[in-house]
Amino acid sequence: MEERRLGPVVGLGTWNTFDGDAQLAREVVGAALDAGCRVVDSSPMYRGAERSLASALDGRRDAAVVATKIWATTVDEGREQFRRQVDWYGRVEIEQIHNLSLWREQLEWIEEERDAGRIERLGVTHYATGAFAELAEAMRTGRFEVVQLPYNPLERTCERELLPLAQELGMAVIVMQPLGTAALLGDPPHPTELEPLGVETWPQALLKWALSDDRIDLVIPATRRPERARENAVAGSPPWFGPDERALVERLASR
Ligand SMILES: NC(=O)c1ccc[n+]([C@@H]2O[C@H](COP(=O)([O-])OP(=O)(O)OC[C@H]3O[C@@H](n4cnc5c(N)ncnc54)[C@H](OP(=O)(O)O)[C@@H]3O)[C@@H](O)[C@H]2O)c1
């Protein structure tokens, strides 16, 4: 495995799930870690999620890779967010600039924190395809090692420019919204239609679809249900899909 690679693996997103509910966070994060997920993605934007995540990692911090974000309108606010993250996590393995917020200004001090050893890798994210040109510009600076973007069978814009660029630059790719924020889950295929894929559930098929592109390192489905965290984690193991299996998932997703 190359040094840049994080995966292919399944992680856990934390948007709109346990928020400030520390007990629920312990259950969901605990289930994910027990099932083999290592990377947990959060942000100051996700209300109480960062704090609850810290409490869920109490006693298990070394088992987790914390990917979180700076989401601020001033450098001072960004630094304060990082100060709290260091209090909570001790260090941040992947620090991402959320939605490109003030990215040029925040980069300088974040790079200093990386050089001081409190951050391992720098990343940059955006959810909106309309921001992909600026995301590409940020990637081309060569100052980021990780990019986070949306990717699922119904949202494939990143295939045009960002995935080839990430590969050219040797960047790791984190996939947000791998289940299409649940929009892809409303009318799941019948289990017999999944048989050729060797998976048991439709969410597993969608997660494996993304991970089977060898430019993708990590998918971070979010759930507030521990049993779903376990179900999702299963998709992080080979065998990976070939072109025929990926095409089948695409057909099933677009019915
Ligand atoms: N940087 C950014 O701009 C940005 C933007 C969006 C997201 N993100 C990150 O990416 C993560 C994932 O994206 P997302 O949360 O927007 O969407 P997602 O992971 O595609 O979908 C989450 C939804 O899927 C449901 N779900 C999860 N596993 C399931 C399963 N096995 N069976 C049935 N339903 C399941 C969840 O409901 P239940 O809770 O009921 O299971 C939730 O409603 C976020 O949590 C966040 O960490 C980043």
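The values are calculated or read from the model by the stated rules, or taken from the named source; none is laboratory data. Predicted model only: the values in this text are computed from it and were never measured. No Cβ is skipped: glycine too gets one built from the backbone with ideal geometry, and neighbour counts run over all protein chains shown. Note: accessible area is taken over every heavy atom of the protein model, side chains too, but ligands, DNA and RNA are not part of it. Shrake-Rupley method; radii C 1.70, N 1.55, O 1.52, S 1.80 Å.
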Practice task
Compute the accessible area per residue over the range 124-255, keeping the other protein chains in place, probe 1.4 Å, unit Å².
Solution key: 45
Completion exercise
By the Cα gyration tensor axes a ≥ b ≥ c (a/c under 1.5 gives rounded; else a/b larger than b/c gives prolate, otherwise oblate), the shape of the chain is oblate
Exercise for the section: Let me know the charge dipole size of the chain about its Cα centre in debye, to the nearest 20, where only the beta-carbon of Lys, Arg (+1) and Asp, Glu (-1) is charged. Expected result: 340
Exercise for the section: Would you grab the residues whose amide H sits under 5 Å from the one on Arg224? Only those 5+ places off in sequence or on another chain, please, with H modelled 1.01 Å from N. Expected result: none
Completion exercise
Ranked output for segments 62-70, 218-226 by mean other Cβ atoms within 10 Å, highest leading, reads 218-226, 62-70
Practice task
Could you work out the local net charge near Ile119, counting Lys and Arg as +1, Asp and Glu as -1, over the other residues with Cβ closer than 11 Å to its Cβ?
Solution key: -4
Fill in the blank from the handout: Summed over the other residues with a beta carbon less than 13 angstrom from that of His190, with K and R at +1 and D and E at -1, the charge totals -3
Practice task
Would you tally the net charge around Trp209, using a Cβ to Cβ cut-off of less than 11 Å, leaving Trp209 out, and scoring K and R as +1, D and E as -1?
Solution key: 0
Exercise for the section: Could you state the angle between the C-alpha long axis of helix 22-34 and the longest principal axis of the C-alpha atoms of the chain, as a value from 0 to 90 degrees rounded to the nearest 10? Expected result: 60
Problem - With Cα atoms, 0 to 90° folded angle of helix 103-115 axis to the chain main axis - result: 80
Problem - Tilt relative to the chain, helix 75-89 - C-alpha long axis, 0 to 90 degrees, to 10 - result: 70
